[in-house]
Every structure is written in C-alpha cells, then in structure tokens.
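The values are calculated or read from the model by the stated rules, or taken from the named source; none is laboratory data. Fair warning: this is a prediction, and the values are worked out from it, not measured in the lab. All Cβ positions, glycine included, derive from the backbone under ideal geometry; neighbour counts span all protein chains shown. Protein only, heavy atoms only, side chains kept; ligands, DNA and RNA dropped before computing areas. Shrake-Rupley method; radii C 1.70, N 1.55, O 1.52, S 1.80 Å.
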Amino acid sequence: MDIYVCTICGYEYDPAKGDPDSGIKPGTKFEDLPDDWACPVCGASKDAFEKQ
Amino acid sequence: MQATKIIDGFHLVGAIDWNSRDFHGYTLSPMGTTYNAYLVEDEKTTLFDTVKAEYKGELLCGIASVIDPKKIDYLVIQHLELDHAGALPALIEACQPEKIFTSSLGQKAMESHFHYKDWPVQVVKHGETLSLGKRTVTFYETRMLHWPDSMVSWFADEKVLISNDIFGQNIAASERFSDQIPIHTMERAMREYYANIVNPYAPQTLKAIETLVAAGVAPEYICPDHGVIFRGADQCAFAVQKYVEFAEQKPTNKVVIFYDTMWHSTEKMARVLAECFREEGCTVKLMWCKACHHSQIMSEISDAGAVVVGCPTHNNGILPYVAGTLQYIKGLRPQNKIGGAFGSFGWSGESTKVLAEWLTGMGFDMPATPVKVKNVPTHADYEQLKAMAQAIAKALKARL
C-alpha cells in the first residue's frame, strides 16, 4: 500500500497506520479515504496529496 | 504600555519591540516589530491573542489601563506561535478566564506547546459565531496562513477584522494606524513580511480572501498582530488588494541577479549582466550574497520576473552563501519566474550545472544556456553574457 504526502505541509498518510483521530482505521488505502477527508495537520483536501 | 482605543470598546494592547532586527531568526525586520493583542469590552470581556512571553508585563499594564485583567472572561487564541501565545500561561494565571477559544488545530498546537492539564479550552469551528453580549464575533479558519492553526475573528456589525498574522508588517512606530504611515513604507513592510513568511501559501491566501469576501467580510478596520492597524475602508481595501497581488506573483520586467565571488570573476560577469539587462529595458537589482541578507534578496525576488544566479565552482559545487540563499528561496516557493545561471571556474566547472538544477527544481523556466568562464572573463565571454541577457529579456517580455 502506497504512502501519500501532503504537498502543503509534508504530512505522510501511511495506510498501515490510518488516521485514527479522524476515524480512519489502520489498513485503509489512500484511495479508499472518504472524499471529505482532510489532512490532519493542515486541513488540505485529498487532491493536495501526491504518491511518495 | 497604555492601550490605544480603536473604536468604542475595542483597544489595541500589546508591546512594541523597537529592537527586533532578526525576526524569528530568519528574516530581517529593519524597522522593528510589534506584538499586538486586542481587548474587546462587553458582557464577556475578551482578549484576542497575547504577546511574546518577555512582554507579558507590558501586555498586562496595557489591559490594566482599560480594565482590571481579572475581569477578562474569554481569551481567543488565533495562532500558537510564541510571539503571540508566549504570554498565554501568564495571562491565564492573571485573568483566570472562563473560557479559551481556539481552532481545532489550535487546540492540538496548544497541547504540544504548553502541555496543560486543566485549561478551559473550547474549540470553535470555521464560521461559528460567539456572542460577547452586545457584540457578536464570527471565527474563520485560515489554515496555513501561515500555520495550520491560524484563524481570524470578524465583528460584522463593527466591521472589525482581527486578522492575526495576515496583513502583518514589521513596523515599530509610535503611530498605530496605517493612515499615519507613508503608503510606500506600508507597501514595502507588507511585501517583506508576505514574501518571507506567507509566500509558500499563496494558493491558500487567494482561497482565504475569496472565502472571507464571500462571507461578507468587508472591514473598516483590519487589526493584525504585527505592525499598525488599517483604518478606514480604503486602507483595508488597499491591504487586501496588495495581498492578492503578492499571492498572484504576476511577472514584471524586473530581474534580480544575486551572486557570490572569490577572485572577482563572477562579480565581473554579474556587473556585465546587469548592464546588459539594463540595455534590454529591464529593471535590475544586483545583490551580492555577502552584502545582502537572504530575506532582502527574497523580498526583491517577490516582484521580479527573472532570477539570475552567479557562483564560481568551489570544491565541485557552489559556495555556501549562494547555497543557503537558494535553499531559503526554494522553501518560499516563488512562482512564475524565469531563471538563469553563470559563474567562473578554475578546473572542473560544476557550479552552473548545480545552479541550473536548483532553479529548474523550483519550477523556473531556463530559456538560455548557463554561461561559464574559465578563470577570468574576456570580451568574448561578455558577448555570451549579453546573448543570455537578451534571451532571458525576450522570454520575460513575452510573459508581460
């Protein structure tokens, strides 16, 4: 599973860890994140992310 | 320091830092700066932001010139950077506030800065309103302007925008309003602040302004946390228009040449290039990295159309002042620039290649082959520099 990086603040979304603070379970692929998911560090939307 | 009344019930409190020259350790503040906090008297008297920790006494004195600090009910913390939140623990102790309002990302930043246990923190959402009694304030998140936690506070009835670092300027002055400062001084200070602090977030700047305008934010007072207050609708419109201009970064016919040199060869090339660009009708700024701080170079680049960098080859690479300046500029993500590279060398000559990699890595277009010269330049080399200047000036004019 690919890691995605926020182009605004540099946060790395690691599917192995998920984003539990936003209710995203470990093992969730970036592609499967809901459309309204936002970067937990800077609030950028999904389209601001690039594959590492 | 005595409070300064803005309008009935609104007071500027905080501190003037007359001696600040190296703002946050990376950008020059030649005119000093201020740390502004704002006191709003109402049924729930509220303080917006604080100051750098060492100025907590001056902040409390300013508050006490209006009201007993213990009568403050609410604190609003718009940004956790320590020039604004540094005095927060002291203020909480002095005021014993009923509530502390901040954004969701502000709460996270507050926890990791102050490791508090029992502060009465309450998160406010984007667009949420809060009644202070007679007055109502609306909060808007302005994420990445210039930290994730950043937010602003809008009093729609009074048309007062407390804008945190947005529209800030590093100006220490006894005058506290923009209409008391020459407009070119305002513009320069705004540009220096924006270019060196906010520029990486130009898309967010344009989006935030669009969001605020759509929400009906049309201020008659813009109260930033650094510098002077914009007073009057015209002054506020000027501030907003400047921010749009800074963020759009449209090309101009200005060329910034910055360089370092060992035995004056690269310096000679730089001076020749400056003359060539002048002949092409460009405005030129020639800046030696050892005479000009990297933040001064960035301020000049912010309204330039082209950036031409010179450096001799040193140990198969480039000199440290040039490398440091390039690293600094890259982080600030300037847009819509044309690049150029030149330099002298003794035997291996890698510097122009390294410079070109830096510039293309920043997304700059490179219309001319870099010019490199062995040891000392000749008139034939100057012809090459002239051709490079002509190619860059032509590409620049095509963009205007």
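A few points about this structure:
- Mean residue ellipticity (222 nm) of chain B, computed from DSSP H runs ≥ 4 via -39,500 (n - 2.57), nearest 500: -10500 deg cm²/dmol
- Using alpha carbons only, the radius of gyration of the protein assembly as shown set against its Kirkwood radius gives Rg/Rh = 1.03.
- Computed over segment B:146-304, the ratio Rg/Rh where both radii use C-alpha atoms and Rh is Kirkwood: 1.06
- Partner lysines whose Cα lies under 24 Å from the Cα of B:LYS242, excluding those fewer than 8 positions away in the same chain, are identified as B:LYS159, B:LYS207, B:LYS250, B:LYS254, B:LYS285, B:LYS330, B:LYS337, B:LYS397.
- Prolate/oblate/rounded call for segment B:354-400, Cα gyration tensor, a/c under 1.5 rounded: oblate
- For the residues B:SER174, B:SER20, a 1.4 Å probe over the protein chains yields an accessible-area ranking, largest first, of B:SER174, B:SER20.
- Distance between segment B:314-341 and segment B:1-30 - C-alpha centres, whole angstrom: 33 Å
- Under 12 Å from the Cα of A:LYS51 - aspartates and glutamates, other chains or at least 8 residues apart: A:ASP2, A:GLU12, A:ASP14, A:GLU31
- Shape call, segment B:316-400: gyration tensor on alpha carbons, a/c limit 1.5: oblate
- Fluctuation leader among B:ILE100, B:ILE209, B:ILE183 - chain B, Gaussian network, Cα springs under 10 angstrom: B:ILE183
- For chain B, a Gaussian network of Cα nodes joined below 10 Å ranks B:VAL228, B:VAL354, B:VAL213 by mean-square fluctuation, and the top entry is B:VAL213.
- With Cα atoms, 0 to 90° folded angle of helix B:320-331 axis to chain B main axis: 50 degrees
- Other residues with beta-carbon under 10 Å from the beta-carbon of B:TRP288 carry, at +1 per Lys or Arg and -1 per Asp or Glu, a net charge of -1.
- 5 angstrom amide H check on B:ALA3, placed H, neighbours 5+ away: B:SER65
- Area accessible to solvent at B:ILE318, 1.4 Å probe radius, in Å²: 30 Å²
- Most mobile listed residue (B:PHE155, B:PHE139, B:PHE230) in chain B, GNM with C-alpha springs under 10 Å: B:PHE155
- Derived scalar couplings ³J(HN,Hα) [segment B:156-166; Karplus, 6.51 cos²θ - 1.76 cosθ + 1.60; whole Hz; x for Gly, Pro]: 5, 5, 8, 6, 10, 10, 8, 9, 6, 7, 5
- Counting only protein heavy atoms and using a 1.4 Å probe, the accessible area of B:TRP358 comes to about 60 Å².
- Euclidean distance between Cα centres, segment B:127-150 to segment B:195-250, Å: 16 Å
- Of the listed residues B:TYR116, B:TYR38, the order by accessible area with a 1.4 Å probe, largest first, is B:TYR116, B:TYR38.
- Each residue was assigned an accessible area with a 1.4 Å probe, and for B:ARG188 the value is about 130 Å².
- Folded to 0 to 90 degrees: helix B:202-214 orientation relative to chain B principal axis, Cα: 40 degrees
- Among the residues of segment A:31-52, those with an accessible-area drop of 30 Å² or more from chain alone to full protein complex, heavy atoms and 1.4 Å probe, are A:PRO40, A:VAL41, A:CYS42.
- Nearest-ten-degree value, helix B:183-193 long axis tilted from longest Cα axis of chain B: 80 degrees
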